[in-house]
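Data block below; observations after.
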Amino acid sequence: MAPEYPDPGQENSRQRTGDPASLIINEWMAEGEVLFRDDWFEIHNPDPLPVALEGLGVSDHPDNPDDHSFPPLSFITGSGYLKLIADRNPSSGPNHLPFALDADGDRILLFDSSGNSIDQIIFGPQGADISQGRWNPSPTGRSYFNLPTSGLANDREGESTDPNFLNALALLRYLRISEIMYEPLGGKPYEFLELRNTGPAPLDLTGVSFTNGISFTFPSLILQPGEEILVVGDLTAFQSRYGRSLNVAGVFEGNLDNSGEMVALSLPAPFDAEILRFEYNPDWWPASAGSGFSLELQRSLTLPRDFDSARSWSQSEEINGTPDRSGILIPVLFPEWLAFHGLSALEDGDGDGLSALMEFSLGLDPFLDLGFNGPSSLPQINRGDIGQTVISFELPANSGAAEGYGADDIIYTVEGSDDLVNWTSLLSKTDTTPFSGAGPVILDPPFNGRVKVRFSDQENNQSARFLRLRVEYSP
């Protein structure tokens, strides 16, 4: 037990603590690439009371329960989470461990003070920047997470209702550094970094921060789709060169190293993953090193892991760069969209089984197969309250289309069949007409640039009933 409240001048009283046997290993990350530098895992205390950790141990080997033992006065809060960093560097602090995790497969064990196992996890090969952890709705009791949440309850894309979690996911996917002026004419006061929202929905930047290279935390603000924003070395100097009309979030502390350095852009608390982490190099484009040119991102869809590649950048076409004037907007018409991505209509750019036509129609990224950009965005089939077959899918928000959703020049048709051979059109939609046909359609409000559509089939008395969504380009 541990003292709960200070009581100077009085006899110490001891408070109840929870049962260490209730502790569980809750989430683990064994293959950090951008989001995290080091391996880690977390322990969860489901007990509402704090649990004393003194004498307990963690290890990656069952015969070594003393690999890392918790020191006296170590506690995990009631209903809390403890992140432990597996970096083979225990001298860095009490939450750093003398072992690392093997991304090809490993185990994690939690021992009591007598060396008996409290909990253990055995895991197989792990994906880069994706954690694994406990997830009760899964048949296996585990799931993978595109947004690791060390120190927090596990949450999952497609099932979360937490707006902060969903915004953090969108920040990971769509917030990009698009221009770096690290050695401008006139020196440090004219340095700047430009960021762009490359996605289809507004991003809340509140609390997003630069945590390496420079120091800056964004105030409360929203970045609209395609919009750019700047952080600068000196506002007066910047405005004297570029004017007062540009979208400036504020002035950063520190300066950008002329010889190149690591830049890290991090999610807002309570999340601790990094959106981007890369090192720029003046040798990529020598004209950016003191001659007045900036580094500009060549493609808005560049993956975070490719930001430290020279091929992802070019020098600006103009001396002094092009702050807030170099937006790369993704075309909204299908032929131009195909040309922008260098794809043909039936080509599968990311190997996820979805053609370019389907990716365009559903508002997906044709070169990213993770999360909602992959097969998980295909229509889902369920049974309704009275046994009817229900199909649900999400379409891109589009202010210029009928009812505010659906891609331009695409016909969406829901079809039904009893035998998977003969299909009948049940309802359809174009960019100028809403869904119409046999059966009710329910629309969710737009969220993260997408609108969820649900259609209930009226043929509900058959033992076998199949629904599908067909898309067709019709200019």
I'm spelling it out carefully: the read-out is Cα extents along the principal axes in Å, the candidates are [x] 79, 73, 45; [y] 63, 63, 61; [z] 111, 59, 42, and one was derived from this structure. Which label? [x]
Taking Trp40, Trp313, Trp337 and counting other C-beta atoms within 10 Å, the order from fewest to most: Trp337, Trp313, Trp40
About its Cα centre, the chain carries a charge dipole, from +1 on Lys and Arg Cβ atoms and -1 on Asp and Glu Cβ atoms, whose size in debye to the nearest 20 is 900
Net length gained if the chain between Ser79 and Ile442 were fully extended (0.36 nm per residue, minus Cα distance): 126.9 nm
Cα Rg, Dmax, region 20-159, angstrom units: 14.2, 42
Using per-residue counts of other Cβ atoms within 10 Å, averaged over each peptide, order 392-398, 296-302 from highest down. 392-398, 296-302
Roughly speaking, what % of Cα-Cα pairs in region 246-358 are separated by over 19 Å, rounded to a whole number? 62
Quote the charge dipole size of region 334-373 about the Cα centre in Debye, to the nearest 20; the model charges only the Cβ of Lys and Arg (+1) and of Asp and Glu (-1). 100
Placing each pseudo-label 7 Å from Cα in the direction of the beta carbon, Ser113 and Thr206 end up separated by a distance in nanometres of 4.5
Explain nothing, just the number: relative contact order of the chain, from Cα pairs under 8 Å at least 6 residues apart, as a whole percent. 9
Gained length - Asn255 relative to Lys188, 0.36 nm times residue gap less alpha-carbon distance: 23.5 nm
Region 44-74 scanned against label point 7 Å out from Gln15 along Cα→C-beta; backbone N under 14 Å for 48-52
How much space per residue, in cubic angstrom, does the convex hull of the C-alpha atoms of region 379-473 take up? 90
Based only on other Cβ atoms within 10 Å, what is the fewest-to-most ordering of Met29, Met262? Met262, Met29
Which order do the peptides 406-415, 157-166 take when ranked by the mean count of other beta-carbon atoms within 10 Å per residue, highest first? 406-415, 157-166
Checking region 31-111 for trypsin sites (Lys or Arg not before Pro) in a loop per DSSP with at most 14 other beta-carbon atoms within 10 Å yields Arg37, Arg88
Explain nothing, just the number: dipole magnitude of region 168-315 about its Cα centre with +1 on each Lys and Arg Cβ and -1 on each Asp and Glu Cβ, in debye rounded to the nearest 20. 340
Between Arg305 and Phe466, how many nm apart are label points set 7 Å from Cα along the C-beta direction? 3.6
Taking other Cβ within 10 Å of each residue's Cβ, how do Asp324, Asp385 sort, fewest first? Asp385, Asp324
Taking the chain and counting helices only, DSSP H stretches of n ≥ 4 at -39,500 (n - 2.57) each over all residues, the nearest-500 ellipticity at 222 nm comes to -2000 deg cm²/dmol
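Since every read-out is calculated from the coordinates, none of them should be taken as a lab result. From a predicted model like this one, the values you see are computed outputs, not experimental measurements. Glycine gets a Cβ as well: all are built from the backbone with ideal geometry, and neighbour counts include every protein chain shown.
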